[in-house]
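The values are calculated or read from the model by the stated rules, or taken from the named source; none is laboratory data. None of these values were measured; they are calculated from a predicted model. Cβ placement follows ideal geometry from the backbone for every residue including glycine, while neighbour counts extend to all protein chains displayed. Only protein heavy atoms, including side chains, enter the accessible area calculation; ligands, DNA and RNA are left aside. Shrake-Rupley method; radii C 1.70, N 1.55, O 1.52, S 1.80 Å.
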Amino acid sequence: MKDWKTFLEKLAATGLTISLTIVSLPWSQDVFAASSHSKISDGVYQLRDGTPISNIFARGIDVSHWQGTIDWEQVASNDVSFVMLGTRYNGEVDPRFHFNATEAVNHGVQIGIYIYSYAVTPAMAEAEADFVLDLIKDYPVSYPVAFDMEASVQSTLSPQELANIVNTFCSKIENAGYHAILYANDYWLANKIDMSQVAYNVWVARYETKHAFENPVMWQATNTGTIDGISGNVDIDFQFRDFSDVIKPNLWRTIGGNTYYYQDHKMQKDSWIHDGTGWFFMDENGLAANGWFLHNGNTYYLEPGSGRMVSGWKSFEEGWRYFNESGAMQSGWIQDKDVWYYLNQDALMHTGWLQDGNIWYYLKESGAMTEGWRQIDGIWYYFNGSGVMLTGRQQIGDNWYYFDGSGAMLTGLQQIGDSRYYFDESGAMATGLRQINNTWYFFDSSDGTMTVGWRQIDGVWYYFGDDGAMKTGWIGDSSAWYYLNPENGAMYADTQITVDGVTYNVDSNGACHEVVLENTNELETGTSGGSIAENNSGMDSDVTDDGIIANIVPFGS
C-alpha cells in the first residue's frame with residue numbers, strides 16, 4: 001500500500017511467496033524528476049505527468065514506521081494539511097505511531113488513522129476496531145479512521161463476506177464517534193468487495209492515473225511522492241470533501257466500556273467541560289467524576305451515573321442542599337429567586353427558628369426566610385424586610401405594636417416601663433378613648449400611654465384613676481369636689497345639678513358648691529344620700545361658709 005517494503009511486508013504476513021518480474025515503467029526519469037502532485041492553483045493539483053486534478057480540498061500524506069524519523073516541522077511547511085497514520089506492525093502498535101501522532105499535531109498537521117487489515121471474519125474485524133480505538137483515544141483525531149482492505153488472506157473471501165467484514169469494523173468505529181471509511185484500490189472496489197452492501201465513504205488508491213471509482217472522499221494518488229522532511233518515497237493523498245460536518249470536534253465517546261469527552265477532538269482530562277446540557281468534571285484518566293467531589297476548596301455533587309454537575313436545590317436523605325451556578329455547595333445565607341435561605345454548617349437548609357449572632361430569624365418549612373407577620377405556635381411575630389425578628393415598640397404601617405424580648409406581639413393592657421398601654425386583638429396600640437371590659441380608658445394619641453388623673457378631651461374634662469379607669473360620680477381633691485356624668489364620665493362645669501336630691505352650683509372649673517337655703521346657715525339636704533359634707537362624715541375635712549369642702553383626701557388615695 002505504502003511502498004515496496006510495505007507491500008512485501010504485507011505479503012510476508014500472509015505466508016505467501018511471489019516472484020517479481022521487473023518491467024520497464026511507462027514514465028521516464030525526466031518525468032520522475034518533474035514537480036509532481038503539487039498545487040497549480042487553489043483547489044487544483046497536478047499528477048506526475050502534469051495532468052491537472054481539480055476540486056481538491058486539501059493535500060495530505062499517509063505514513064508508518066517505514067518512513068523512519070520524520071521532520072514534522074518541514075512536513076507541515078510543505079503543503080501537508082493532514083496525515084493518515086499507520087497503527088500496526090507485526091501485530092503490535094506501529095513503533096513510530098506515538099511519535100508521529102504527537103509531532104504531527106504539535107506542528108498543526110491534522111491526523112487521521114488507518115489499519116492494514118488481516119481480518120477474515122467479522123470477529124477479527126471487531127478486534128481490529130478495538131485495537132485502533134484503544135490506541136487512538138488519547139489523540140486528537142480530526143480525520144477519518146480507515147479500514148485498509150487489500151491483504152492476500154482476504155482475497156479468497158466472497159464479496160459478501162468482505163462487505164460484512166468492512167461493515168463490522170466501520171460500524172464499531174462509527175459507534176465510538178469517529179468517521180469510518182474504507183481504503184481499497186480500484187480493482188478491489190470493482191471486483192472483490194460487494195460495495196452495494198457498504199454504506200461508508202471510500203479512500204481509493206490508484207497511482208498516477210485518475211481513479212475509476214466514483215466520488216471517493218480521498219484519493220491516494222501515488223506511492224512515490226516526495227515531501228520535505230521525509231527521506232525516500234511517501235504516499236500523497238488528495239482530499240475531495242470537507243469532513244467538518246461528519247467529524248464533530250466536541251462529543252462523548254464510549255471506548256472499551258469507558259466514556260470520554262472530546263473537545264476540539266482532544267480527550268479532556270482533569271478539567272471541567274460543558275457538553276451543551278451541563279457541566280462535568282473529567283478526571284486525570286478522562287472519566288467523568290461522580291457523586292461528591294472536592295475541587296479547589298469547593299464541594300460539588302455530580303449525578304451518579306451521568307456525572308452531570310448539580311446546581312440549584314438538591315434533596316438528600318438528610319435534607320436539602322443548595323449548589324450555586326458554578327456548582328459549588330453553599331452554606332450560610334443564600335438568595336435564590338429573590339428569596340433568602342439559610343444553610344447550616346453541614347450545608348443543610350435550615351427551617352424554623354434561627355439565631356445568627358444576636359439576631360433571630362424564622363425560616364418557613366420551605367426554607368424561605370420569613371418577612372412580615374408570622375403566627376408561630378399561636379403567637380404573632382413580625383420580621384422586617386431583612387428577616388430580622390422585631391422586639392420593642394415598632395411602627396408597622398399606620399399602627400404601633402409592641403413585641404417583648406422573645407419577639408411575641410403583646411395584646412391587652414400592658415405595663416411597659418413606667419407606663420401602661422393597651423394593644424387590641426390585632427396587636428395595634430390603642431389611642432384615645434377605649435372601652436375595655438366595660439370600663440373606659442384614655443390613651444395618649446402621641447405615644448399611647450394610658451392616662452391617669454385629669455384629662456381634657458375635646459374640651460371636656462374627665463378623671464382617670466391610678467388604674468386608668470375613667471371615673472364617674474363624685475370625686476374630690478384637696479381643693480374641691482367634682483361630679484362626673486355617671487353615663488360618660490364628663491365633668492359638669494358652669495351649670496347647676498341635682499344629685500340625690502341635693503342641688504349644686506358647678507363653677508366653670510367643675511367645682512361643686514351646695515346651694516344654701518335662704519335665711520338659714522344650714523346646708524340644703526338631699527333626699528337620700530345627703531349633702532357633700534354628710535356623705536363625707538368622718539373624713540378629715542372642713543366645710544366653709546360657701547359650701548366648699550376643704551382638705552378632702554384626694555381620690556384614689
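A few points about this structure:
- Once region 345-371 is narrowed to residues that are charged (D, E, K, R), more than 21 Å from the chain's Cα centre (by Cα) and open to solvent by 70 Å² or more (accessible area, probe 1.4 Å), the residue that is farthest from residue 330 (Cα to Cα) is 371.
- Any hit, region 62-75, residues being among the aromatic types (Phe, Trp, Tyr), open to solvent by less than 50 Å² (accessible area, probe 1.4 Å) and over 23 Å from residue 254 (Cβ atoms): yes
- Some residue of region 108-117 being more than 45 Å from the chain's Cα centre (by Cα) and farther than 13 Å from residue 170 by Cα: yes
- Residue tally, condition hydroxyl-bearing (Ser, Thr, Tyr), within 46 Å of the chain's Cα centre (by Cα) and more than 25 Å from residue 261 (Cα to Cα), over region 170-202: 0
- The listed residue being part of a loop (DSSP other than H, G, I, E, B), more than 30 Å from residue 69 (Cα to Cα) and modelled with pLDDT of 95 or more, out of 277, 259: 277
- Taking the conditions (1) polar (S, T, N, Q); (2) within 16 Å of residue 201 (Cβ to Cβ); (3) in a loop (DSSP other than H, G, I, E, B) in turn, residue 171 satisfies each one other than (3).
- Filter pass, residue 178 being open to solvent by less than 40 Å² (accessible area, probe 1.4 Å), part of a loop (DSSP other than H, G, I, E, B), touching a helix residue (DSSP H, G or I) at 6+ places or on another chain (Cβ under 7 Å) and farther than 22 Å from residue 236 by Cα: no
- For region 452-473, the count of residues that are free of Cβ contacts under 8 Å to residues at least 24 places away in the same chain, open to solvent by 30 Å² or more (accessible area, probe 1.4 Å) and of a type in the set (Gly, Ala, Ser) is at least one.
- Listed conditions (1) open to solvent by less than 60 Å² (accessible area, probe 1.4 Å); (2) closer than 28 Å to residue 128 by Cβ; (3) of a type outside the set (A, V, I, L, M, F, W, C) are all met by residue 45, apart from (2).
- Test: residue 154 is farther than 23 Å from residue 263 by Cβ, free of Cβ contacts under 8 Å to residues at least 40 places away in the same chain and open to solvent by 10 Å² or more (accessible area, probe 1.4 Å): no
- Scanning region 252-298 for residues that are exposed (fewer than 15 other Cβ atoms within 10 Å of the Cβ) and within 19 Å of residue 112 (Cβ to Cβ) yields a count of 1.
- Unmet requirement for residue 498, which otherwise passes all of (1) open to solvent by 20 Å² or more (accessible area, probe 1.4 Å); (2) of a type outside the set (Gly, Ala, Ser); (3) more than 30 Å from residue 516 (Cα to Cα): (3)
- Residue within region 417-427 that is more than 60 Å from the chain's Cα centre (by Cα) and surrounded by 14 or more Cβ atoms within 10 Å (Cβ to Cβ) present: no
- Remark: residue 142 matches the filter, which requires a residue to be assigned to a strand (DSSP E or B) and open to solvent by 10 Å² or more (accessible area, probe 1.4 Å).
- Among residues of region 317-334, those that are loosely packed, with under 11 Cβ neighbours inside 10 Å and either within 16 Å of residue 365 (Cα to Cα) or aliphatic (A, V, I, L, M) (or both), counted: 1
- Residue list for region 198-250, restricted to those being part of a strand (DSSP E or B) and either open to solvent by 30 Å² or more (accessible area, probe 1.4 Å) or charged (D, E, K, R) (or both): 201, 223, 224, 235, 237
- Of all residues in region 81-125, those being of a type in the set (D, E, K, R), open to solvent by 10 Å² or more (accessible area, probe 1.4 Å) and either farther than 22 Å from residue 185 by Cα or touching a residue at least 60 places away in the same chain (Cβ under 8 Å) (or both) number 3.
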